[in-house]
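Asker: Please find one structure pasted underneath; my questions will follow.
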């Protein structure tokens, strides 16, 4: 299994990871693996939902429509 090294993690993040690990009765390393797995699974699920929704559309929105939705979301 590959190894991942993360440098320059802010001390507050490390403290929070250690606290989460204690609450979950696991090592900080296991807590980080769990968080990364959960995040990637959630992201994959969202992308699959988007893809399914797109496939049900009768037509694709234009770039202009997408830009107007993005602009409206920022307002």
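Here is a yes/no grid of residues against (1) out of contact with any helix residue (DSSP H, G or I) (no Cβ under 7 Å at 6 or more places or on another chain); (2) surrounded by 12 or more Cβ atoms within 10 Å (Cβ to Cβ):
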{"site": "4", "(1), (2)": "yes, no"}
{"site": "10", "(1), (2)": "yes, no"}
{"site": "17", "(1), (2)": "no, yes"}
{"site": "20", "(1), (2)": "no, yes"}
{"site": "33", "(1), (2)": "yes, yes"}
{"site": "40", "(1), (2)": "yes, no"}
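Asker: Follow-up question, since we're still on this one. Looking at (1) modelled with pLDDT under 90; (2) more than 24 Å from residue 2 (Cα to Cα); (3) within 20 Å of the chain's Cα centre (by Cα), which is the one condition that is false for residue 42?
Answerer: (2)
Asker: For a quick check of your reading of the model, give me the residue pairs whose first member lies in region 9-21 and is without any contact (Cβ under 8 Å) to a residue 60 or more places away in the chain, whose second is loosely packed, with under 11 Cβ neighbours inside 10 Å and part of a helix (DSSP H, G or I), with beta-carbon atoms closer than 8 Å and at least 6 apart or on different chains.
Answerer: From residues that are without any contact (Cβ under 8 Å) to a residue 60 or more places away in the chain, there are no pairs.
Asker: While we're on this one: Residue 55: surrounded by 10 or more Cβ atoms within 10 Å (Cβ to Cβ) and either touching a strand residue (DSSP E or B) at 6+ places or on another chain (Cβ under 9 Å) or in a helix (DSSP H, G or I) (or both), yes or no?
Answerer: In short, no.
The values are calculated or read from the model by the stated rules, or taken from the named source; none is laboratory data. Note that the structure is predicted; figures quoted are calculated from it, not measured. Reconstructed Cβ throughout: ideal geometry from the backbone, glycine too, with neighbour counts over all protein chains shown.
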